[in-house]
Amino acid sequence: MAELDTSGGGKHKGGKVRSKKVSTRIDLTAMVDLAFLLITFFMFTTTLAKKKAMDLAMPDNTVKTNQLPVAATRSMTILLGSHNKLEWYMGEPGKSAPTVDNYGKDGLRKALIENGKKVAATHAAPDNFMIVLIKPSDKSTYENLVSTLDEMSITGVQSYAIVKITPMELGDLQKNNIY
């Protein structure tokens, strides 16, 4: 509530007639109540950032199944190293030179798209998609694995698997100083 203070000014004996000084005092209680009501309204009505999750089906390791043979020219292996670096190669380990790369659109994403197109162009219709093997090392971070899985989703890779890294592949990572 606004209040007006009418005291002050007044007439003095034998002096000039002066106008009254009016001072105002504003009570802001209602304004503060309204502000808190608005804050609580917006807190209850807005949704906070929802966690994003990717479905990942992991096989049961206790059950041994027969594996179907896959042409080595259809497979791409990604080795996750340290310092946000990775190494990838097409085909079998040791038969093709690995390429050291990074994450993102100019690194892993570009390699996935280019190799996927090559596989699709060289294979017959039912087998014209690339299979990607993701092998994280113990020096890679969880963020690197999630970034790799995101790239699989972005590039539309149909078939990929997370498998254990071999000692020979660890040697490749050490040789390229990313282990």
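The values are calculated or read from the model by the stated rules, or taken from the named source; none is laboratory data. Source: prediction; values computed, not measured. All Cβ positions, glycine included, derive from the backbone under ideal geometry; neighbour counts span all protein chains shown.
Scanning the range 59-72 for residues that are of a type in the set (Val, Ile, Thr) and either closer than 23 Å to Leu170 by Cβ or assigned by TED's automatic domain parsing to the domain that holds Ser96 (or both) yields a single hit, Val70.
To keep it simple, each residue is scored yes or no on (1) surrounded by fewer than 18 Cβ atoms within 10 Å (Cβ to Cβ); (2) of a type outside the set (S, T, N, Q).
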{"residue": "Ile78", "(1), (2)": "no, yes"}
{"residue": "His83", "(1), (2)": "yes, yes"}
{"residue": "Thr99", "(1), (2)": "yes, no"}
{"residue": "Glu114", "(1), (2)": "yes, yes"}
{"residue": "Ala120", "(1), (2)": "yes, yes"}
{"residue": "His123", "(1), (2)": "yes, yes"}
{"residue": "Ile134", "(1), (2)": "no, yes"}
{"residue": "Asp138", "(1), (2)": "yes, yes"}
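Pairing each residue of the range 153-165 that is touching a residue at least 12 places away in the same chain (Cβ under 8 Å) with any residue that is among the aromatic types (Phe, Trp, Tyr) and buried (at least 17 other Cβ atoms within 10 Å of the Cβ), provided the two are 6+ apart or on different chains, yields no C-beta distance under 8 Å.
Selection of first residues in the range 29-57 that are not assigned by TED's automatic domain parsing to the domain that holds Val163 and of second residues that are among the aliphatic types (A, V, I, L, M) and part of a helix (DSSP H, G or I), restricted to Cβ pairs under 8 Å at least 6 apart or on distinct chains, gives the following pairs, ordered by first then second residue: Met54/Leu149; Leu56/Leu149. Kindly list, by first and then second residue, each pair from a residue in the range 126-146 that is over 13 Å from Leu170 (Cα atoms) and in contact (Cβ under 8 Å) with a residue 12 or more places away in the chain to a residue that is of a type in the set (Ser, Thr, Tyr) and part of a helix (DSSP H, G or I), limited to pairs with Cβ atoms under 6 Å and residues at least 6 apart or on different chains. Between residues of the range 126-146 that are over 13 Å from Leu170 (Cα atoms) and in contact (Cβ under 8 Å) with a residue 12 or more places away in the chain and residues that are of a type in the set (Ser, Thr, Tyr) and part of a helix (DSSP H, G or I), the close pairs are Ile134/Thr148.
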